[in-house]
Amino acid sequence: MHQMNDLRRIDLNLLVILDALLSEQHVTRAAERLHLSQPAVSHALARLRHMLGDPLLVRAGAGLVATPRALELVAPLVEALAQVQALLAPNTFDPASAKRTFRLAMSDYGAAIVLPGLIRTLRHEAPGIDLQISHASREGMLDGVLNGDIDLAAGVFPELPNELRCTPLFEEQFACLVDPNGLPANGVLDLPTYLARPHVLLEMRGSGTPEIERALTTIRERRHVAVSLPHWSVAPQLISGTDLILTVAARGLHGIDQPQLVVLPPPFHIPSFTFVLAWHARRGGDQALNWLNRRIGQAIVHG
């Protein structure tokens, strides 16, 4: 009974406000995010400080900085809000009748892998579900998930903030796309040839190219980049009839319309990477989002 009385004194809205304050570290931005007035959020912060016996956010220059006690609260607070959301979520989700718009962030490599099979699934099983696709850096995608602008981010995220969870989709390897003219007689792309020939660098946001440069650094080598591109679509066309080499994630080379080109393994070790879906822990009780998460995984496996 004593525990129940303690729970009755807790306003769950305060926990939602605390979550926004710790994410934004700014009273006005937290208020805008929650659609509340700035005085209401300031009053809630005062109550939270009294309730928890800690200032939580302290002034540092023009902004606010979380105290050590506040930083300790971030992970358990996210888990608690996710559990409350799951408790209050509707029991059923009917994809055939659902009307939802989901916001997904991914590179054009990710879009080529994820979207074809997913769109076919949605048009067949859930025609009322719409998608809004955006493109950002890895950091931008994760920031979008953190602040609620993005529902799911598909990409390579070696490190995730504590508030985020991920669903692994597949393990990916790197491959090289080359014109076979000029290769050694055995048709193998060896390291001296790789280093001697110029390269196309995809500087797509979220493309995974840092892994290639780190692998070269490990063997104390560098490559010469002759063409740097911000997007994928034209890259394979640049290889035909040239001495250029394109090193990219292998799945991106499936089905390219360049039959005269060959796909070969890199002549040095580039660690594989895991392509994942990232989502906010507080969305764990959203059955529609969970359904979409599963369908994306299935669409990739069967696509």
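What follows is calculated from the coordinates using simple rules that are stated; it is not laboratory data. Computed from a predicted model, the values in this text were never measured in an experiment. Cβ coordinates were reconstructed from backbone atoms using ideal geometry, including for glycine residues, and neighbour counts include every protein chain displayed.
Below, the figures for the structure above:
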| quantity | calculated |
| --- | --- |
| 0 to 90° range, to nearest 10: angle between helix 138-147 axis and the chain longest Cα axis | 20 |
| Peptide ranges 241-247, 72-78 listed from the most packed, as the mean C-beta count within 10 angstrom indicates | 241-247, 72-78 |
| Mean separation of Cα contacts under 8 Å, 6 or more apart, over the residue count of the chain: relative contact order % | 23 |
| Crossing angle, helix 287-302 versus the chain [Cα axis fit, 0-90 degrees, rounded to tens] | 10 |
| Relative contact order %, the stretch 174-271, counting alpha carbon pairs below 8 Å whose residues are six or more apart | 50 |
| Förster radius 25 Å - calculated FRET efficiency between ASP190 and ALA111 (Cβ-Cβ, nearest 0.05) | 0.15 |
| The stretch 174-271, dipole about Cα centre (Lys/Arg Cβ +1, Asp/Glu Cβ -1), debye to the nearest 20 | 220 |
| Segments 98-104, 30-36 sorted - mean Cβ within 10 Å per residue, highest first | 30-36, 98-104 |
| About the Cα centre, charge dipole magnitude for the chain (Lys/Arg +1, Asp/Glu -1 at Cβ), debye | 540 |
| Mean Cβ neighbour count within 10 Å, used as a protection proxy, ranking 122-135, 178-191 highest first | 122-135, 178-191 |
| Global form of the chain, assessed from the alpha-carbon gyration tensor, a/c cut-off 1.5 | prolate |
| Long-range amide H partners of PHE170 with built H, under 5 Å | PHE275 |
| Overall dimensions of the stretch 2-88 as given by Cα atoms, namely Rg and Dmax in Å | 13.1, 43 |
| Cβ-derived FRET efficiency at R0 45 Å, VAL225 paired with ASP94, nearest 0.05 | 0.35 |
| Within the stretch 2-88: Cβ-based charge dipole about Cα centre, in debye rounded to nearest 20 (Lys, Arg +1; Asp, Glu -1) | 220 |
| Degrees separating the helix 108-125 axis from the principal Cα axis of the chain, which is the longest one | 60 |
